[in-house]
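I have a structure here, written as structure tokens, and I will follow up with some questions on it.
The values are calculated or read from the model by the stated rules, or taken from the named source; none is laboratory data. None of the values given here were measured: they were computed from a predicted structure. Counting neighbours? That spans all protein chains shown, and the Cβs are built from the backbone with ideal geometry, glycine included. The area values use the complete protein model at the heavy-atom level, side chains included, leaving out ligands, DNA and RNA. Shrake-Rupley method; radii C 1.70, N 1.55, O 1.52, S 1.80 Å.
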Amino acid sequence: MDTECRGPQPGGSSCWATGAAAWSSSQQKRQRCEGSSSDQVGSSTSASVQMSEPELPDIDYVENEEEDYYMDDDDDDDCDDDNGDDSEYEFDEADFNQQLADKFDDLDLPPGVEATVPWLQKLAANEEQDGASDELAEDEITKKYKAFQQFYTVEKFSDHHFANKSVGKTSREWTKRIQHDWKLLEKDLPASIFVRVAEDRMDLLRAAIIGPKGTPYHDGLFFFDAHFTSNYPSEPPLVYYHSGGLRLNPNLYNCGKVCLSLLGTWGGSGCEKWNSAHSTMLQVLVSIQALILNEKPYFNEPGYAGSANTATGQQHSIEYNKTTFLHSCRTMLYSLRRPPEHFGDLVAGHFRERGRTILAACKHYLEGNMVGSEVPEEEEPEYNAYGPSSSSSSSSSNVPKKQDVMRVDPMGRRTQFSDSLKTLFEDLLMEFNVKGADTRKFLEEKVKKNLPAA
């Protein structure tokens, strides 16, 4: 099933014609590239997209070792189906306080709260000076984020997965087709997909896809590298997923392989397969977002779709979504600590803007609500010299609680999942603060939790 999402967006490339001519001339001297991957696996019962081999859901949540983004995923020669588990977590308040002290000396909490925490006490002069510096940095993040264009041509990629793969000898028709794809991307990219192409390597492309709302991937950033071989468009582009060593979807392997009929990495028929006359890179990106990053990825597994209407199948799907969300949170941390080249401004601005929402979702899931369910909106409290004002608290308490009609995890709070998510919550809280996200509410709760009982 082809998915289209049209919404003209301002683009950024202005040097296609000149760059393309120089590119085409220079490429005539290069050797023909290596043959493309022809990985094929199994068959699928899904009519819209073909999926990977069956994989039993990993429900034990034994914690994966935290790996740096882009460090280990390239080293995996074989695609490992293990999702990874999460070990039990013991919260060390003293250690957490020290981490906050080290990272957030300039934290701006409501007046009256700082005095309760020794490491937050500051001289007035230093607070004013440091506060001004923080505001300047935050303004810079916001400015760059708002200026970040959906489609743009950069000079080159140094960390691209296919940077060392030569495209070989190309034709004028190849260049024209790449330019056609660029124009489609610049004009019709949906608001949640961002693309960068290289001026000196027309065969390379990098895309960031925001996880759709209502899925275990919500608010996450997922990065893909693409390579157009010299046979493009006779054959589909090669696409690599930056997994960080995590398998968070049946179609996205921890070795970076993307299983999709449109890419020829899985069997398919008719419009499911690549068509050199009609298929485009835009179609590939939209298909990944809509067909892979969906609400219930568990049923992407071939043979599992038949259990979608059974209690057992639904429970397995719920457990799979829990693991998926944990991996999505880890992917956020990887992106924040080592953003992909040319996407640093997007990463910083996106998580500054969405940080509060992500943390609220973590809290919501820790209360036993299903991953991907809607998080109730809360009124922003008004602050006075003593913290949240009583008037705002009383008014918010009169608002009907949406949780009464939420979909609740029928198995309740799973200790191992909760412990793993608590660990990730603390890490995300600190990283989001560095980017200037609105985390006042969560820091207040943390301070109150650490206060001695009256």
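Please check which bits of segment 249-279 a label hung off S234 would reach, taking the label as a point 7 Å along Cα-to-C-beta and the cut-off as backbone N under 20 Å.
Flagged as within label range: 262-265, 273-279.
I'd like to check one number: the per residue accessible area of segment 141-294, probe 1.4 Å, reported in Å² as a whole number. Mind dumping the intermediate values first?
Numbers: 4920 Å² over 154 residues.
Per residue, segment 141-294 has 32 Å² of solvent-accessible surface.
Excluding Q149 itself, what net charge comes from residues whose Cβ is under 14 Å from its Cβ, given Lys and Arg +1 and Asp and Glu -1? Could the numbers behind the result be given before it?
Working: positive: K143, K144, K146, K187, R196, R206; negative: E186, D345.
With Lys, Arg at +1 and Asp, Glu at -1, the net is +4.
A further question follows. Over segment 211-300, what number does the Rg to Rh ratio reach, with both radii from the alpha-carbon atoms and Rh per Kirkwood?
Numbers: Rg = 13.1 Å, Rh = 13.6 Å.
A ratio of 0.96.
Given 0.36 nm per residue, what is the gain on full extension from K143 to H180 after removing their alpha carbon distance, in nm?
Numbers: separation 37, 0.36 × 37 = 13.32 nm, distance 3.07 nm.
Separation in residues times 0.36 nm, less the Cα-Cα distance, equals 10.2 nm.
Contact order normalised by length for segment 139-206, with contacts defined as Cα pairs under 8 Å and 6 or more residues apart; what percent is it? Please list the in-between numbers first.
Numbers: 51 pairs, mean separation 34.1, N = 68.
After rounding, I find 50 percent.
Pairs to check: K146/K435; K146/K363; K187/K213; K169/K257. Give those whose C-alpha atoms are more than 18 Å from each other in this structure.
Values: K146/K435 15 Å; K146/K363 28 Å; K187/K213 23 Å; K169/K257 26 Å.
Those over the limit are K146/K363; K187/K213; K169/K257.
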